[in-house]
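Computed from the coordinates by the stated procedures, all read-outs in this text should not be read as laboratory data. Remember, it's a predicted structure, so these values are computed and weren't measured experimentally. When we count neighbours, we look across all protein chains shown, and the Cβ atoms used for this are built from the backbone with ideal geometry, even at glycine.
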Amino acid sequence: MPGNLYIVATPIGNLEDMTHRATRILKEVDLIAAEDTRHTRKLLTHFNIHTHMVSYYREKEASRTDELIDRLLEGENIALVSDAGTPGISDPGAILVNKARWAGISIIPIPGPSALTAALSCAGLEPGSFLFSGFGPAKTSSRKKLFESLSTFSYPLVFYESPHRIGSFIKDAHAVFGDRTVLWAREISKKYEEIEETTLELLESKISSEKIRGELVIIIHPGSDDRPVAESLEEILVWYRENSALSLKDVCRKVAADMGIGRSEVYKQALTIWNKKQ
Ligand code: SAM
């Protein structure tokens, strides 16, 4: 009989969030595959767990997977953990889970902490949908392109971000989405936890004057989008010129993406409108 693959959630900062079941499973399995064994060692030591570990970080996912599948097929039970939170949520795990499923191995989730659900639980969202986008691209141009593709989506958008990129992330979000309501959750479950609902404009100015530390979850609420239904490209460009703080370049990107037309065509018309209004 093959063994089971357990996907075990671990705390995102506060060790009191470790579940009894996660502790028991990590004690009982034959092997723990950990994103970073040094990091997980601290958790195991705290909970007096002595199970053998192997590393399973992103660059090693493909090569380590076959070895783990062989061991599962031989009957060993294996637990996968990441550095924090739930494996597979913006963390390694997908390759192992998919191969295990193809091999007929049972995959058993051990639910627990995740920055995603912790932040959402404090956002006061109506029951319904949200879109989780994980980490956005590092480059401004690709990030803005992603934001543009999401700008007409009428559900809250959830992102993960690191402290060193949060400044450019919020700047780009403000440029593309305008001044939407945003919730940011920093250092969830840790000593300096901060969860605040504000607007993209206020958050941009806060971040430009303060050094931001700690990991973050950002939830951008949908816009009220009171712009008129576009009868023509000219009408919509005039609306943006008069009602939004977006730059000419950002308006062109957004309108081109929203309407599915070439940026150069939009730019030509926009330029005439912008010049007329000066
Ligand atoms: N698998 C994890 C989970 O379930 O939340 C996420 C792993 S991902 C590599 C790390 C990102 O999660 C961080 O950059 C941050 O965006 C978010 N994150 C993790 N811990 C957090 C915390 N304590 N507070 C706020 N965000 C956190």
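Tabulated data
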{"read-out": "Given charges at Cβ of Lys, Arg, Asp, Glu: segment 4-113 dipole, positive-most of Ile89, Tyr57, Leu72", "value": "Ile89"}
{"read-out": "Local electrostatic count, Arg64, Cβ distance below 12 Å [Lys/Arg +1, Asp/Glu -1]", "value": "-2"}
{"read-out": "Residues Ile12, Ile107 arranged by fewest to most Cβ contacts within 10 Å", "value": "Ile107, Ile12"}
{"read-out": "Whichever aspartates and glutamates have a C-alpha closer than 16 Å to that of Lys191, once near sequence neighbours (fewer than 8 apart) are set aside", "value": "Glu16, Asp17, Glu215"}
{"read-out": "Aspartates and glutamates with Cα under 14 Å of Lys99, excluding same-chain neighbours fewer than 8 positions away", "value": "Glu61, Asp66, Glu67, Asp70"}
{"read-out": "Spatially proximal aspartates and glutamates relative to Lys145 (Cα-Cα < 12 Å; intrachain offsets below 8 disregarded)", "value": "Asp172, Asp250, Asp258"}
{"read-out": "Dipole in debye (nearest 20) - the chain, about Cα centre, beta carbon charges: Lys, Arg +1; Asp, Glu -1", "value": "660"}
{"read-out": "3J(HN,Hα) from dihedral phi, segment 150-166, Karplus parametrisation 6.51/-1.76/1.60, rounded to Hz, x for glycine, proline", "value": "9, 5, 9, 5, 9, 10, x, 10, 10, 10, 9, 8, 9, x, 6, 10, 5"}
{"read-out": "Rg/Rh ratio calculated on Cα atoms of the chain (Kirkwood radius)", "value": "1.08"}
{"read-out": "Taking segment 169-278 and dividing mean pair separation by its residue count, relative contact order in percent (alpha carbons under 8 Å, at least six apart)", "value": "24"}
{"read-out": "Span from the segment 4-59 Cα centroid across to the segment 69-107 one, whole angstrom", "value": "13"}
{"read-out": "Relative contact order, percent, segment 233-277 [alpha-carbon distance under 8 Å, six or more residues apart]", "value": "47"}
